[in-house]
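Step one of this worksheet: look at the structure below.
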Amino acid sequence: MNLVFLAQRIREIRKKRILTLEQLAERSQLTQSVLSKVENSRVTPSLSALSRIAAALGVTLSELVEGIDEERPMMVMRHGEAPLFHDDHSNEQREFRSLAPTRHQKRIEPLIGKLAAKTDWQPLPVQNDELFIYVIKGALEIRSGDEKCELKTGDSLYLDATDSVETQNPTSSPAEFLCILTGKKLPSGS
């Protein structure tokens, strides 16, 4: 089930009905916390919960989930809606948000990464064929094999990423960057 698309559909229907999360929680007998997590693609709702949400929104369950697993030629990710991508190395020092989580057969994986100040070397989510990084804010050091480089705001890097790639933020300010991965071993969490 495509959770991102489902979350967007629930949010859109709720807003069309001019319902707050609190009102939807009351009507569906689910907590605001659960509904918020559903609308932000952080939890997979059970069939029972989906049925309650559909009834509270005044639609059938089949209308709510219709077409959510279909591929679409165009996908829009609104500001603040990009789901957090989790990998084996997730920690409080870094995060990745998937900018295109809804496509089934992707050839690229665009992510927004954040790296806390003064971090040690952190591996990128996966090993891929190619990698592009653009530093939006702050600075990063990138290491791949025997090569190492420093990137500052506005700098970019393109590399053959068949070797492992690690990043660190040696500065006292957090870093934010666009990371585009390509290849056959794209992250499975998106």
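The values are calculated or read from the model by the stated rules, or taken from the named source; none is laboratory data. Just so you know, these numbers come straight off a predicted model, no measurement behind them. As a convention, Cβ positions derive from the backbone with ideal geometry for all residues, glycine included, and neighbour counts pool all protein chains shown.
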Is one or more of the residues making up the range 121-138 buried (at least 18 other Cβ atoms within 10 Å of the Cβ) and over 16 Å from PHE96 (Cβ atoms)?
-> no
Residue in the range 64-78 that is at pLDDT 75 or above, in a helix (DSSP H, G or I) and exposed (fewer than 14 other Cβ atoms within 10 Å of the Cβ) present | no
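Per-residue answers, yes or no, for (1) touching a helix residue (DSSP H, G or I) at 6+ places or on another chain (Cβ under 9 Å); (2) touching a residue at least 12 places away in the same chain (Cβ under 8 Å); (3) loosely packed, with under 12 Cβ neighbours inside 10 Å; (4) among the acidic types (Asp, Glu):
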residue: ILE18; (1), (2), (3), (4): no, no, yes, no
residue: LEU21; (1), (2), (3), (4): yes, yes, no, no
residue: GLU26; (1), (2), (3), (4): yes, no, no, yes
residue: LEU35; (1), (2), (3), (4): yes, yes, no, no
residue: ARG42; (1), (2), (3), (4): yes, yes, no, no
residue: SER46; (1), (2), (3), (4): no, no, yes, no
residue: LEU50; (1), (2), (3), (4): yes, yes, no, no
residue: ALA54; (1), (2), (3), (4): yes, no, no, no
residue: VAL59; (1), (2), (3), (4): yes, yes, no, no
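If you take just the helices (runs of 4 or more DSSP H) that sit entirely in the range 1-57, which of them hold at least 1 residues that are at pLDDT 90 or above, more than 17 Å from GLY67 (Cβ to Cβ) and hydrophobic (A, V, I, L, M, F, W, C)? If you could, list the steps in order and put the result at the bottom.
Values: elements: 3-16, 21-28, 32-39, 47-57.
Fully inside the range 1-57 and qualifying: 21-28, 32-39, 47-57.
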How do the pairs read when you match residues in the range 125-142 that are in the same structural domain as THR162 (by TED's automatic domain parsing) and within 8 Å of ALA175 (Cα to Cα) with residues anywhere that are modelled with pLDDT under 90 and of a type in the set (Val, Ile, Thr), using Cβ under 7 Å and keeping only pairs 6 or more apart or on different chains?
-> LEU140/THR167
